[in-house]
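Inspection log for the structure reproduced underneath, given as C-alpha cells.
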Amino acid sequence: MGRLQRTLSNVSEESGTDNGRVAVVGGSIDYPTQPAIVGQAALRTGSDHVRALVAEPIYEIVASHSVNLLASYYAGERFDEDAREQTITVSEWADALVIGPGLVDAEPDAVCDTIDDVSVPVVVDALAIEPALEADLSNAVLTPSGSEDDPIYESYGSLEAITEETNAVIILTGTVDEIIADGTRQHNETGTSALTVAGTGDTLAGIIASLLGQGMDREDAAELGAWVLGKSGELATAEYGPGVLATDVVDRIPDTIR
C-alpha cells in the first residue's frame with residue numbers, strides 16, 4: 001500500500017488546484033439517480049466540475065439532486081446516435097467520462113461508437129460493459145460486478161485475457177474487489193460487507209473518474225479508487241452499522257483522502 005499512500009497524499013496535497021472535470025452518461029426511468037451518485041462521488045474525490053448527461057424524462061430528477069451537479073439532457077428515453085453526438089461534445093469539455101450506470105436499453109452501437117470516439121479516459125460501468133466489448137478499450141477502465149462479467153468471459157475467456165488483448169483495466173467488485181491489468185490480478189485490502197448496498201458501484205465509478213480527471217493513470221486510479229471506496233465504506237459502517245447507505249460512503253470520501 002506504500003505507493004498508493006503516496007499517491008493518495010498527492011491527491012490531498014493538490015486540493016485547490018485544477019482538479020479536472022468529469023462527465024457522466026447514464027440513468028433511465030427505472031434507475032434515475034445513478035448519475036447523481038456518480039457525480040457526488042467524483043466531486044467528493046476532488047473534481048472541480050461534474051456534468052451529467054441524461055435522458056430528458058429524468059433530467060429534472062438528476063438536476064435537482066444537488067446544487068453542485070451540472071446537468072444536461074438528450075431527447076427521448078434511449079441513448080442513441082443523437083445522444084452519442086452530445087456525449088462527444090460534453091467529453092471535449094471533460095477530463096474523464098463515465099458511461100453506463102443505470103443506462104437501460106441503450107443502443108449498443110451508440111455506446112460502442114462513443115467509447116471509440118472520445119479522447120479522454122472512460123470508466124465503463126454496468127449496462128455499458130457488454131456493448132463496450134466491441135470498442136477500443138485501450139483508454140478504458142471497466143467496473144463490472146460479479147453479475148456483470150459474463151459477457152467478458154464469453155468474449156475473451158478470462159478477465160486477464162481481455163486486459164492483455166485490449167489494454168483495458170478492470171475492477172471486479174464483490175466480496176473482495178480485484179484489479180486486473182496487463183494480465184495480472186491484485187486484491188484490494190479495504191472494505192466491508194455493507195458495501196453490497198445499492199449505489200456503491202456508482203460511487204466507485206465516480207471516484208475512479210475523478211482520479212483519472214486529475215491526471216492519474218488508469219491502473220493507479222483503479223487500484224486507489226477501490227482502496228478509497230473500501231476505506232470510506234469502513235468509516236461509514238463504523239458510524240451506521242448495517243444500515244449504511246451509498247450516500248454515507250460518498251460523504252466519507254474526503255475523510256479517507258485526508
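Per-structure values
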item: Under the Debye formula (equal points on every Cα, no solvent term), log10 I(q)/I(0) of the chain at q = 0.08, 0.13, 0.14 Å⁻¹; result: -0.26, -0.72, -0.85
item: For the stretch 16-64 and the stretch 114-135, distance of Cα centres in Å; result: 17 Å
item: Extended-chain gain in nm, criterion 0.36 nm per residue less alpha-carbon gap, GLU81 and TRP93; result: 2.4 nm
item: Inter-label distance, nm, simple model (7 Å from Cα along the C-beta direction), ASP117/VAL176; result: 4.2 nm
item: Virtual spin-label span in nm between VAL67 and ASP150, 7 Å along Cα→Cβ; result: 4.5 nm
item: The chain: calculated mean residue ellipticity at 222 nm from DSSP helix runs of at least 4, using -39500 (n - 2.57); result: -14000 deg cm²/dmol
item: Gained length - GLU165 relative to GLU189, 0.36 nm times residue gap less alpha-carbon distance; result: 5.9 nm
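No value in this document is a laboratory result; all are computed from the given coordinates. This structure is a prediction, so every number in the text was calculated from the model and none was measured. We place every Cβ from the backbone using ideal geometry, glycine too, and count neighbours over all the protein chains shown.
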